[in-house]
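Heads up, the thing below is written out as structure tokens.
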Amino acid sequence: MARRSRPAPPPPPPEAPLAAEVLTAPGAFFQKLRVAEPRPWRYVAPVLLAAVLAGVVYALLLRPVGALGGAGFLTHVSNVFGTFFLTVVSAALMWGLGHLSAGREGRAAEVYGATFALLPPLYLLLAVLLLVLPGPNLSGLALPADWSDVLRAISGAPLTRAAIALTLLGTLAQFVLAYRGFLILTGSRGRALLGTLSPLVPVLLLTLVGFGPLLSGLF
């Protein structure tokens, strides 16, 4: 009696692309993601790395305040954590509003999570520049009496303005990538636009809130 052949096991699902691939070939990245098994937490690591580095950059921007006022280590830690928290909240807004607008097929958590791979190289560059180049001249100023003048001096520094501008441009670039991802994953321009635009204004506002003390020094 002939033995019945066992059915061949189903092939494993295709592997998801690495987040870094979105920087070099976004179209191919989202095509690979489309056929991979959905996992909402797949690209959490780029979000956390970007959040930590964003906090480091912000702490370095305010380092002259700490030196002038004799602030300790905990002050720098609180600056890092505050920006880290705001970055994570921004990511949560992207995921939540993107999911509501683009639908389950849009896989907003993975799309937006992958776009955070844009930010670590940018923040690393800013951190190196802030460590190497001289900071603003705060001679003759003292805290707390000259607090507004200190903030104005830091806000007017070229690196501070560059950090704010590059952070905003990096965030906008994330949404450009996200639109392409939603379009490939959903096949609908309308859902892709909604998934991109619905969190855009809240996230940009939250980014500006994070730079609030420095922006206030410009006026």
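The numbers here are math on the coordinates, done by the rules we state, and not lab data. Computed from a predicted structure; not experimentally measured. Counting neighbours? That spans all protein chains shown, and the Cβs are built from the backbone with ideal geometry, glycine included.
Could you tell me which helices of the chain pass both thresholds, a Cα extent of 24 Å or more along their own axis and a mean Kyte-Doolittle hydropathy of at least 0.5, with helices taken as whole DSSP H runs? Kindly include the intermediate steps, with their values, before the conclusion.
On the way: long enough: 44-61 (26 Å, 2.54); 73-102 (43 Å, 1.26); 158-186 (41 Å, 1.35).
Those that clear 24 Å and a mean of 0.5 are 44-61, 73-102, 158-186.
What nm value, rounded to one decimal, do you get for the distance between residue 209 and residue 25 when each label is placed 7 Å out toward the C-beta?
So the two model labels end up 4.0 nm from each other.
Give me P(r) over the range 172-219, computed from all C-alpha to C-alpha distances, binned every 5 Å, as integer percentages.
The percentages, shortest bin first, are 5, 21, 22, 16, 11, 10, 8, 5, 2, 0.
Longest segment of the chain with no trypsin sites (Lys or Arg not before Pro) in a DSSP loop having at most 14 other Cβ atoms within 10 Å?
For trypsin sites (Lys or Arg not before Pro) (loop position, at most 14 other Cβ atoms within 10 Å), the longest site-free span of the chain is 5-219.
Compactness ratio of the chain: Cα Rg over 2.2 N^0.38 Å, N = residue count?
Against the compact-globule rule of thumb, the ratio is 1.28.
Translational diffusion coefficient, Stokes-Einstein: compute it for the range 100-219 using the Kirkwood radius over C-alpha pairs as Rh, at 25 °C and 0.890 mPa s, and state it as an integer in µm² s⁻¹. Before the final figure, lay out each step's value.
Values: Rh = 16.4 Å.
Approximately 150 µm²/s, per Stokes-Einstein.
For labels at residue 129 and residue 149 in the simple 7 Å Cα→Cβ model, what's the distance in nm?
Spacing of the two 7 Å Cα→Cβ label points: 2.8 nm.
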